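The values are calculated or read from the model by the stated rules, or taken from the named source; none is laboratory data. Since we're looking at a predicted model, the values are computed, not measured. Neighbour counts are summed over all protein chains in view; Cβ atoms, including those assigned to glycine, are modelled from backbone coordinates with ideal geometry.
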Amino acid sequence: MKAFTYAAGRLACEAVPLDTIAAAVGTPCYVYSAGAMRAQLAAYQAAFADRPALFCYAVKANSSLAVIRTLAAAGAGADTVSGGEIERALAAGLPPAKIVFAGIAKTDDEIRFALAQGIMQLNVESVPELLRISAIACELGTSAPVAFRINPDVDAGTHSKISTGRKEDKFGIAHADAPALYGMAASLPGITPVGLHLHIGSQITSIEPFEQAYRRGIALFDEIRAGGVPLRRLDLGGGFGVRYRNEQPITATAFARMVKGLLAGRDLELVFEPGRTLVAEAGCLVASVIFRKESGGRRFLILDAGMNVLIRPALYDAYHEVLPLAEPPANAHLEPMDVVGPICESSDIFGRDRYLPLLESGDRVAFLSAGAYGAVMASDYNSRMSAAEVLVDGDRFAVIKPGRPPRAQFADEVIPPWLAAEVS
Ligand SMILES: Cc1ncc(COP(=O)(O)O)c(C=O)c1O
C-alpha cells in the first residue's frame with residue numbers, strides 16, 4: 001500500500017490531504033499512515049503464517065506510543081534497547097511477554113525493571129552483562145530468559161554507520177566464544193538460556209548477507225542444542241531495507257522462502273525485529289518554504305524544517321524524495337534547487353539539485369520515507385518549534401504528539417540561585 005499519493009492535485013496520506021493536516025497542525029510535522037504500517041506488518045506475518053513467528057517491532061525506529069500501539073494491535077511485539085523503550089512499549093499496551101530487550105550495555109536499573117516486568121527475553125552482549133543479569137535475577141528470586149547476541153562477522157554491505165555484524169563492530173559476542181558461553185550460562189543461577197540472537201545492520205537490500213549470517217547462526221544454534229542447552233527461540237533481528245530513492249527492497253515472500261529453506265525440519269520459535277521496514281515508507285515530513293534565494297550561482301529553497309527535525313541527510317548522507325504538496329502540472333517548469341533547512345550548520349542540507357517548481361514562501365513540500373529514524377532522532381538544537389506528529393487512518397487523523405515551542409523546551413531548566421541576581 002502506498003501511503004502518499006496525489007489525489008485531485010493534492011498530496012494525500014490515505015484519504016487525508018496533507019495540506020489539511022498542515023493547516024490544522026502547522027509545519028514542520030511528521031505524518032504517518034496507519035494503513036501502510038499494518039500492510040507492511042501483514043505481509044511479513046502472512047509470509048511466515050505456517051511457522052511460529054513473532055514480529056517484534058524495533059521501537060527505536062519510531063517510538064511514538066500511537067505508532068507502537070498501531071503495530072501491537074495488529075499482532076506485533078516490541079524490540080527495545082533501553083528501560084525507557086520498555087516503558088514506552090508497556091504504555092502503548094504491549095504485554096511484557098511480547099517484549100525483547102536488546103542493547104549493548106544494560107544498566108542495573110534497566111535489568112531490574114525488565115525482570116520485574118517479566119519480559120520475554122533479554123538479548124545479552126557480553127560476559128559482564130550476563131553476570132549482572134544473573135546477580136540481579138537471584139536478588140529478585142527469578143530466572144532471566146536470555147539469548148546471546150552473536151556477531152556473525154558478516155558485512156551487510158550497508159552504510160558503515162548502520163552496520164553491526166562485522167567482527168570489528170561493537171555489537172554481540174564472537175561466534176567462536178558462543179558454545180563456551182552457553183555452557184557457562186546454563187550453569188549460572190538466575191539464568192535460563194532460551195535463544196540465540198543476531199542482527200547484522202540496517203537498510204540491507206540484498207538477501208545474501210542475511211542468508212550468510214543466518215546460515216552461521218543456525219549452525220551455531222544446532223551446535224548449542226546438540227551440546228545439551230535446550231534453546232527454543234531463534235531471533236534473527238531486523239535490518240530490512242526500504243525504498244528511499246530507487247532501492248529494490250527484499251520482498252517478504254522472497255525473504256521467508258530463504259529463511260524457511262535454511263530452517264527446514266527444525267522445531268523452533270522465530271523472532272524478527274523489523275523497525276525501518278514497518279514505518280519508513282509509511283511516514284513523511286511536511287515542511288513549508290520560508291524563502292527561496294539565489295547566491296553563489298545556486299538556488300536555495302529554505303524550509304522551516306532542518307537537521308533538528310530530520311537528521312538523516314546530515315548524519316548518513318541519506319536521500320529523501322521531496323514532493324510539493326500541490327501536484328505540479330505535467331508540463332511544469334522545474335528548476336534544480338538546493339533544499340536546505342534554517343539551522344546554522346553547513347551540513348543542514350536535505351538535497352542538492354532537486355528538480356522542483358519555483359515554489360514560493362508558504363508553499364509546502366513533503367519528504368518521503370521519513371517515518372523511521374526521523375522524529376525519534378530530532379533535537380532541540382537552535383531552539384526552533386519541534387515537529388508535531390500526526391497519525392492518519394483512512395479519512396481520520398489525530399495529533400499523536402504536539403510540536404513543542406521553544407518555551408516548552410526550556411520550561412524545566414533551572415537558573416541556580418547564585419546566578420539569580422538581576423542581569424544588567
Ligand atoms: C538489535 C536490533 N534489532 C533491530 C533493529 C532494527 O533495525 P531496522 O530498523 O533496520 O529493521 C536494530 C537497529 O539498529 C537493532 O540494533
Q) Looking at the range 50-59, which of its residues are under 8 Å from the mean Cα position of the chain (by Cα) and surrounded by fewer than 24 Cβ atoms within 10 Å (Cβ to Cβ)? A) none
(Q) Whether any residue in the range 208-227 is assigned to a strand (DSSP E or B) and away from the ligand (no atom under 13 Å from the Cβ) is what I want to check. (A) no
Q | Those residues of the range 198-207 which are under 25 Å from Ile99 (Cα atoms) and not in a strand (DSSP E or B), in sequence order | A | Leu198, His199, Ile200, Ser202, Gln203
Q: Look at the range 65-75 and say how many of its residues are surrounded by 22 or more Cβ atoms within 10 Å (Cβ to Cβ) and touching a Lys or Arg at 6+ places or on another chain (Cβ under 8 Å).
A: 3
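Quick grid of which residues meet (1) in a loop (DSSP other than H, G, I, E, B); (2) surrounded by 18 or more Cβ atoms within 10 Å (Cβ to Cβ); (3) not assigned by TED's automatic domain parsing to the domain that holds Leu334:
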site: Asn382; (1), (2), (3): yes, no, no
site: Ser386; (1), (2), (3): yes, yes, no
site: Val390; (1), (2), (3): no, yes, no
site: Phe397; (1), (2), (3): no, yes, no
site: Val414; (1), (2), (3): yes, no, yes
site: Ser424; (1), (2), (3): yes, no, yes
Q. For Ile200, all conditions in the list (1) at pLDDT 95 or above; (2) under 29 Å from Ala137 (Cβ atoms); (3) within 13 Å of the ligand (Cβ to nearest atom) hold save one; what is the number of the exception?
A. (1)
(Q) List pairs: first residue in the range 249-265 and in the same structural domain as Tyr214 (by TED's automatic domain parsing) and farther than 20 Å from Ala219 by Cβ, second residue among the hydroxyl-bearing types (Ser, Thr, Tyr) and in a helix (DSSP H, G or I) anywhere in the structure, Cβ distance under 6 angstrom, at least six positions apart or on different chains. (A) Ala252/Tyr44
Q.
I'm trying to understand the selection: among the residues of the range 233-256, which are under 19 Å from Pro152 (Cα atoms) and of a type outside the set (Gly, Ala, Ser)?
A. Arg233, Leu234, Asp235, Leu236, Phe240, Phe255
(Q) Looking only at the range 228-242, how many residues end up being within 14 Å of the ligand (Cβ to nearest atom) and part of a loop (DSSP other than H, G, I, E, B)? (A) 6
Q. Which one is farthest from Gly118 (Cα to Cα) among residues in the range 188-197 that are assigned to a strand (DSSP E or B) and more than 9 Å from the ligand (Cβ to nearest atom)?
A. Leu196
Q. When you scan the range 249-280, how many residues do you find that are more than 16 Å from the ligand (Cβ to nearest atom) and under 19 Å from Val322 (Cα atoms)?
A. 0
**Q.** Check on Leu131, away from the ligand (no atom under 14 Å from the Cβ), at pLDDT 95 or above and not charged (D, E, K, R)
**A.** yes
(Q) Given the options Ala3, Ala36, Ala24, Ala76, name the one that is away from the ligand (no atom under 16 Å from the Cβ) and under 18 Å from the mean Cα position of the chain (by Cα). (A) Ala3
Q: Answer with yes or no whether Glu139 is within 12 Å of the ligand (Cβ to nearest atom), outside any strand (DSSP E or B), more than 30 Å from Gly265 (Cβ to Cβ) and not assigned by TED's automatic domain parsing to the domain that holds Val399.
A: no
Q | helices (runs of 4 or more DSSP H) within the range 22-130 that include 1 or more residues under 26 Å from Asp177 (Cα atoms) | A | 108-117
